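The values are calculated or read from the model by the stated rules, or taken from the named source; none is laboratory data. Given the structure is predicted, the values throughout are model-derived calculations rather than measurements. Note that we place each Cβ from the backbone using ideal geometry, even for glycine, and neighbour counts take in every protein chain shown. Heads up: the accessible areas ignore ligands, DNA and RNA and are worked out on the full protein's heavy atoms, side chains in. Shrake-Rupley method; radii C 1.70, N 1.55, O 1.52, S 1.80 Å.
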Amino acid sequence: MSEFPSPTSIRALIEQFILDRFQTKTEKLAPDDPVYLKLQQQFDPQAWLADAARRVSQLQVVTHSLKAIHPDAKGTNLYVEPAQLKRRELVGSHCLPADFEGDVVGNAAALDVYKFLKLRWEERSLLERALDGDEALIEALSPDRAEAESWVRAFADIVEPKGTPSSHARGKQVYWLVGDDPASDTGYRLLAPLYATALIHPVHSRLSEARFGEHAKAGRKARREDAIFQGGYADYLNLSVQKLGGTKPQNISQLNSERGGQNYLLASLPPQWQSREVTTPLRTESVFPRFGRRAPVRQVVNDLVSWMRQNSKEDEKRQKEGKRPRKTVHDRNYHKDLVASLTDELLLFTFELHRLPAGWSRDAECRLVLAEQYWLDPGRAALEVDFDSNRRQSQWHEEVALRFARWLRHAIDRRVTTGLGDPEHDFWAKQVEVVMESLRCQLDDLQDALRDDEEDTGELT
């Protein structure tokens, strides 16, 4: 490969592009049609290039556009190379690679000129060559050097703002405090935000791939089926889709047109933090009624009740039709999700009560069964030798799991005619037992480690 492309090769690329457009325009016309003859003149390579050099002034290649802020805004758009921007920790246009794709704003009828400038030869676009004043491009455009140079300058100007920098009444403006005194009018700078269109396009591509790509679909399928999946996948929750341009997205920009006007908005919601005052569970034999009053737990139980009611209706209908009860993968997956949600809430509840001062269960008003005391007041083991010994010998995690399952069965039986049977009861108890046994091992290991640290400290002193 030569260092510079041959002018005739670039010329052949240009002429093929113009010929393709001519054939598209005339595919339904007869050669003797006056319109065909007129288009033949317009698509003569030299005539078309001269017209393109004139029409390119109607376009601007940009990285930050104004029309996406408001379609009727007519202020300044900007083209800024990512390398010229200050490097920051947050994601921004500075993150774009050197071969990023710029956007185009302006007269949609002139977008064919931009498609022409995007033609690539030997890994460089015609626009890149025009910006560099490429000698080979100049020789390929016209035998008249002065004419070719003027066309190259015209094509290169596509990245330059049109007119003097200005905002518009329909653009957004923000007064940003840069001084120390908010009461002083001189302490503000007026900002005119622009839309980072060159950044939005690759972000849209990545999110679309995460939502609809084959890899992501395979990952979700593996998750539903509880199967091994290599590579992982991403989910973007609470996405919104903003449509720009209505039925004519090309009026906003070229890249917006390629996306069909779709622009994803990531969720930027403040956390809904609800502080809970952790109080000692006194004057009760079990904490499960208190656990069941928590809003997330009520929601999961409500979901379970609704699901069981729906299944009951479907099974009754199928029984009348002489069919077997319905059992689907979706039902199993939903059941597993409910198990995971409730056990997660149970662990959060556990950790909240563990924040109480160690030994709180020694209070005379504490009526919790011993299994729940062992579960919720592990710190007491460091204060009482007998409590520690009895706790280690007890299978408290099994009893807690059974009490959990009985509580859940009671909560459901009050609202559903056909509640949890013995198999479902055993299933819930077993799932919770696994979680509680793991928690017990972690707590015992932690206590042993703390005890070892205290003994080591005593030996050193």
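Taking the Cα-to-Cβ direction at Glu314 and at Tyr236 and moving 7 Å from each Cα, how far apart do the two end points lie in nm?
About 3.2 nm separates the two model spin labels.
Mind giving me the FRET efficiency for Ala267 and Ala227? R0 is 30 Å, r the Cβ-Cβ distance, nearest 0.05 is fine. Present the calculation step by step, with values, prior to reporting the outcome.
On the way: r = 29 Å, r/R0 = 0.96.
Once the sixth-power term is evaluated, E becomes 0.55.
Using a 1.4 Å probe over the heavy atoms of the protein chains, calculate the carbon and sulfur portion of the accessible area of region 163-252 as a whole percent.
52
What FRET efficiency comes out for the pair Leu338/Asp20, r = Cβ-Cβ distance, R0 = 45 Å, nearest 0.05?
Efficiency at R0 = 45 Å is approximately 0.20.
May I ask you to derive the FRET efficiency for Tyr188 and Glu214 from their Cβ-Cβ distance with R0 = 35 Å, giving the value to the nearest 0.05?
Rounded to the nearest 0.05, the efficiency is 0.10.
For Leu177 paired with Ser57, estimate the spin-label separation in nm (one decimal), with each label point 7 Å from Cα along the Cα-to-Cβ line.
4.7
What is the gain in length, in nm to one decimal, between Gln299 and Leu348 on full extension, counting 0.36 nm per residue of separation less the C-alpha to C-alpha distance?
Contour length minus Cα-Cα distance gives 16.1 nm.
Subtract the Cα-Cα distance of Glu149 and Glu101 from 0.36 nm times their separation in residues, and report this length gain in nm to one decimal.
Once the chain is fully extended between Glu149 and Glu101, it gains 14.8 nm.
In Å², and per residue, what accessible area does region 332-418 have when probed at 1.4 Å with the other protein chains present?
51
Residues of region 137-228: accessible area per residue at 1.4 Å, in Å²?
67
Can I get the semi-axes of region 1-148's equivalent ellipsoid? Compute them from the C-alpha gyration tensor as square roots of 5 times the eigenvalues, in angstrom, largest first.
Working through the eigenvalues yields semi-axes of 32, 22, 13 Å.
Show me, for region 367-379, the HN-Hα J-couplings you get by feeding each phi into the Karplus relation (A = 6.51, B = -1.76, C = 1.60, θ = phi - 60°), rounded to Hz, glycine and proline as x.
Using θ = phi - 60°, the values come out as 10, 4, 4, 4, 4, 6, 5, 4, 6, 9, 10, x, x Hz.
What ranking do 202-212, 28-38 get when scored by the average of other Cβ atoms within 10 Å per residue, highest first? Mind showing how you got there, number by number?
On the way: 202-212: 14.3, 28-38: 10.4.
So the peptides 202-212, 28-38, ranked by packing, come out 202-212, 28-38.
Kirkwood Rh over alpha-carbon pairs of region 155-293, then Stokes-Einstein at 20 °C and 1.002 mPa s: what D in µm² s⁻¹, rounded to an integer?
In µm²/s, the coefficient rounds to 101.
Specify which labelled value, from [x] 1.18; [y] 1.00; [z] 0.94, agrees with Rg/Rh (Cα atoms, Kirkwood Rh) derived from the coordinates of the model shown.
Answer by label: [x].
Going by amide H atoms built from the backbone, whose H comes under 5 Å of the H on Val62, apart from near neighbours?
Amide H neighbours of Val62: Asp103, Val104, Val105.
Expressed in nm to one decimal, what extension gain is obtained for the pair Arg87 and Ala109 from 0.36 nm per residue of sequence separation less their Cα-Cα distance?
Working: separation 22, 0.36 × 22 = 7.92 nm, distance 3.67 nm.
Contour length minus the Cα-Cα distance gives 4.3 nm.
Past the 21 Å Cα-Cα mark, which pairs from Lys217/Lys248; Lys25/Lys74; Lys221/Lys243; Lys313/Lys430; Lys86/Lys115; Lys172/Lys243? Let's see the in-between values first.
Details: Lys217/Lys248 31 Å; Lys25/Lys74 31 Å; Lys221/Lys243 30 Å; Lys313/Lys430 27 Å; Lys86/Lys115 30 Å; Lys172/Lys243 18 Å.
Beyond 21 Å: Lys217/Lys248; Lys25/Lys74; Lys221/Lys243; Lys313/Lys430; Lys86/Lys115.
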